[in-house]
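Comments concern the structure below.
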Amino acid sequence: MSKEDNLNKNWKKDFPIEKQQATNVSRRDFAKFLTLVSGGLMVGSGLVTAKAYLYPKEEVLGEHFVCNKDEVPLGGTRAFVIEGSTIPYILIHLETGEFKAYEQKCTHLSCSVFYKPGTGVIHCPCHEGSFDAKTGNVLAGPPPRALPKLDVFFKDDAVYVRAVQEEKIAKL
Amino acid sequence: MSNFRRSQNQSNPNKLNAILSTLIFILILNVTMQIWLLYVALNNALDNNKEILIPAFVASLILFIIGISLLYYLPTGNRNIRK
């Protein structure tokens, strides 16, 4: 048996799948895999929907005392947590004299945000995200949504917060 | 024994290639749209906008069903008789 014959014969035996078939098989598998990924994304979308409807985000109920007005200087902030919840909030005393309360978690990746005194900007140091301190809207950077906020109101000298009223009216 | 389909495939071997490439192209397009839908749904869910969630899920489901039904047309390749 010549070397040539031997090669042809044994090569066929060792690798019985022809080249064209081999590529067909792997691309078929790829197509099936893509369908599997598609199914996974569909299930993920379903889970997001189910979670949103079955376990809605907890709303702040009632009114909560934070501190007295004179405890937060102009341009200063105070972190607080509402009883029965673990979500951190910050109360900001803006240079204009207004009080604002926002969730302290950046809407990008939940880093802690802080108020930059004198600028009117709430800043996230992780990825340089900026929020407007007056409205909570995104000014710059990667955050996809505005900071969730609370309504601030006063009883004499005491600062209280409650859930934003407009939303409640809209939902009723 | 040869039949009509086999001789057709043998004389036009690129036909299956084109079908498979097109299928994969459409599937990738579907998956891309589903990724976008999931991204939008998640963003809106976190923002408490629930109106968009069910339509996004239904769209995703339809794309998945399209993908599954396209698999019916997946060519099985030319079965050559080996001796």
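The values are calculated or read from the model by the stated rules, or taken from the named source; none is laboratory data. These figures come from a predicted structure and were not determined experimentally. Don't worry about glycine lacking a Cβ; one is built from the backbone with ideal geometry, like all the others, and counts go over all protein chains shown. In case anyone asks, the SASA skips ligands and DNA or RNA and just uses the protein heavy atoms, side chains included. Shrake-Rupley method; radii C 1.70, N 1.55, O 1.52, S 1.80 Å.
See the values below:
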item	result
Most mobile of A:GLU95, A:GLU18, A:GLU58 in a GNM of chain A (Cα contacts under 10 Å)	A:GLU18
Qualifying aspartates and glutamates (Cα of each under 20 Å from Cα of A:LYS51; at least 8 residues distant if same chain)	A:GLU59, B:ASP47, B:GLU51
Rounded tilt (10° steps) of B:53-70 against the dominant C-alpha axis of chain B	0 degrees
Viscosity 1.002 mPa s, 20 °C: Kirkwood-radius Stokes-Einstein D of segment A:57-172 over Cα pairs, µm²/s	148 µm²/s
Using a Förster distance of 41 Å, the FRET efficiency for B:ASP47-A:LYS155 (Cβ separation, nearest 0.05)	0.85
Within the accessible area of the protein assembly as shown (1.4 Å probe), percent carbon and sulfur	61 percent
Calculated P(r) of segment A:3-54 - Cα pairs past 15 Å, %	68 percent
Relative contact order (%) - chain A, alpha-carbon pairs under 8 angstrom, separation at least six	16 percent
0 to 90° range, to nearest 10: angle between helix B:14-46 axis and chain B longest Cα axis	10 degrees
Cysteines in the protein assembly as shown lacking a second Cys C-beta under 4.7 Å	A:CYS67
For the pair B and A, total buried accessible area rounded to nearest 100 Å², probe 1.4 Å	3000 Å²
Within straight-line cross-link reach of A:LYS9, lysines at Cα separation under 27 Å, skipping those fewer than 8 residues along the same chain	A:LYS19, B:LYS83
Per residue, in Å², the accessible surface of the protein assembly as shown once ligands and nucleic acids are set aside, probe 1.4 Å	64 Å²
